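*Asks:* Okay, handing you the structure first.
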Amino acid sequence: MVRVTVPMPARPYDVTIGTGVLATAGDHLPELPGAAQAYVVADRGVADRWFETLASGLAARGLPTVLLTVPAGEEAKTLQVHQTLLHQLATQSAHRDDVVVALGGGATGDLAGFLAATYMRGLPFVQVPTTLTAQVDASVGGKTAVNLPEGKNLVGLFYQPVAVLADVAALETLPERDFRSGLAEVAKVALTVDLELLAELESDPSPVLARDEGALERLVARCVRAKAAAVSEDERDTGRRLILNYGHTLAHALERLDAFAGRTHGEAVAVGLVFAARLSERLGRSEPGLAGRTLRLLSSLGLDGGGQLPDVPSITAAFTLDKKYRGGVRFVLLEGAGRPVVVEGVPETTIAEVLEEMGAAA
Ligand SMILES: NC(=O)c1ccc[n+]([C@@H]2O[C@H](COP(=O)([O-])OP(=O)(O)OC[C@H]3O[C@@H](n4cnc5c(N)ncnc54)[C@H](O)[C@@H]3O)[C@@H](O)[C@H]2O)c1
Ligand SMILES: [Zn+2]
């Protein structure tokens, strides 16, 4: 098992990564004074596979569990589901020292974090990520949110967990498509800040693709270290953390235009990584070859980075809702692998040209 500390200035917390973390959950939590109950938020599918294991790990610590089930995936991230959960906590007399636990992917984590932050102005929150996306990215950093029909993650706040428990054995049951989606976030980390990881993946991705537990433990730990470094310097996405949005401007626009029903988040990120690399090249910011390298990496991870795109005006309209927007869209670009830059004032014509090159109608 590996432990990575996220050194948030207000209160550091540990991410425990390894095999068997769920069954020993109670051992990896900090003091929780007065906690009488753990409210575990999970969708039915994840709960059927992993709730009992987690519950026994928490029971060993004397913490009884109540399961609160939610819809699977993005459908959980609505104000309606949030409200239902608030009522459930209130009718069960949940109190301020009790714990909210997110057991599942990034969607469950984003929703449960928002629940933990808002009920009685905040309950201790534990992330138990069970998808690759959530283990390498979403469970660390304290972003919580639900969606509005107008856009993704438009309602939420920053609220850090007290602990993150990432059991790589839970990834065994993850469908192939969701696993590959998580690899898009891994590719993002490798391309932006971890050249050693990039070299490893470029030379032999097969242990990761075979979900070798040792390989996954190292992979998750590397990505968590990268995220921990970025968020502890910049909790609120104003500087260094923006780098982890590489590929996400287009990804979020696509997710919104697909009405959240088309590509997975990771598949949208893969397209976004290709777009960002092409844009970096087109603007002369990066050395030539970055887009080709990105495509080769994605393809070796089972991601194509392509597919149907909406038309250019729809995409550029969606860009204006991007949270990096500040008097204009800001893009995270790469001057080369491992050298991210935040760029303002990218001409709309250049954006349109690159999107058209990728198949978007004018
Ligand atoms: N807060 C952040 O910093 C952050 C970062 C990245 C992504 N996100 C958000 O996370 C969401 C995407 O998360 P995701 O990719 O984890 O997808 P997800 O949460 O939608 O889960 C995908 C599917 O995997 C299933 N699943 C989860 N764990 C499983 C397991 N171990 N075995 C079998 N099935 C399992 C779920 O039931 C669901 O159907 C998006 O809403 C995205 O916006 C948030
Ligand atoms: Zn992401």
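*Asks:* Would you mind telling me which numbered condition in (1) charged (D, E, K, R); (2) closer than 23 Å to LEU103 by Cβ; (3) touching a strand residue (DSSP E or B) at 6+ places or on another chain (Cβ under 9 Å) GLU255 fails?
*Replies:* It fails just one condition, (2).
*Asks:* Where in region 55-129 are the strands (runs of 3 or more DSSP E), entirely inside, with at least 1 residues that are under 15 Å from the mean Cα position of the chain (by Cα)?
*Replies:* By residue number, 99-104, 125-129.
*Asks:* Listed residues ARG222, ARG211; which is outside any helix (DSSP H, G or I), without any contact (Cβ under 8 Å) to a residue 60 or more places away in the chain, more than 13 Å from ligand 2 (Cβ to nearest atom) and not β-branched (Val, Ile, Thr)?
*Replies:* Checking each option against the conditions leaves just ARG211.
*Asks:* Same structure again: Considering each of GLU150, GLU74 in turn, give the residue that is within 16 Å of ligand 2 (Cβ to nearest atom) and of a type in the set (Asp, Glu).
*Replies:* GLU74
*Asks:* In addition: Does region 40-54 include one or more residues that are within 17 Å of the chain's Cα centre (by Cα), within 16 Å of ligand 2 (Cβ to nearest atom) and under 24 Å from ALA169 (Cβ atoms)?
*Replies:* Within region 40-54, none of the residues are within 17 Å of the chain's Cα centre (by Cα), within 16 Å of ligand 2 (Cβ to nearest atom) and under 24 Å from ALA169 (Cβ atoms).
*Asks:* Would you point out which residue out of VAL164, VAL140, VAL193 is within 13 Å of ligand 2 (Cβ to nearest atom), surrounded by 22 or more Cβ atoms within 10 Å (Cβ to Cβ), on the phi < 0 side of the Ramachandran plot and not polar (S, T, N, Q)?
*Replies:* Answer to the check: VAL140.
*Asks:* Something else: From the list VAL128, VAL136, which residue is touching a Leu at 6+ places or on another chain (Cβ under 6 Å), among the β-branched types (Val, Ile, Thr) and more than 8 Å from ligand 1 (Cβ to nearest atom)?
*Replies:* VAL128
*Asks:* Now for a different question. Starting from residues that are touching a helix residue (DSSP H, G or I) at 6+ places or on another chain (Cβ under 6 Å) and in a strand (DSSP E or B), keep the ones in region 1-16 and report whichever is surrounded by the most Cβ atoms within 10 Å (Cβ to Cβ).
*Replies:* VAL15
*Asks:* Name every residue in region 140-156 that is within 15 Å of the chain's Cα centre (by Cα) and more than 24 Å from GLU31 (Cα to Cα), in order of residue number.
*Replies:* Those that are within 15 Å of the chain's Cα centre (by Cα) and more than 24 Å from GLU31 (Cα to Cα): ALA145, VAL146, ASN147, LYS152, ASN153, GLY156.
*Asks:* Another question, if that's okay. So if I check each of GLY305, GLY328, GLY345, which one is closer than 15 Å to THR249 by Cα and buried (at least 19 other Cβ atoms within 10 Å of the Cβ)?
*Replies:* None of the other options fit; the residue is GLY305.
We did not get these values from a lab; they are worked out from the coordinates using the rules stated. Nothing here was measured: the structure is a model prediction, and the numbers come from that model. Methodologically, a virtual Cβ is constructed for each residue, glycine included, from the backbone with ideal geometry; neighbour enumeration extends over all protein chains shown.
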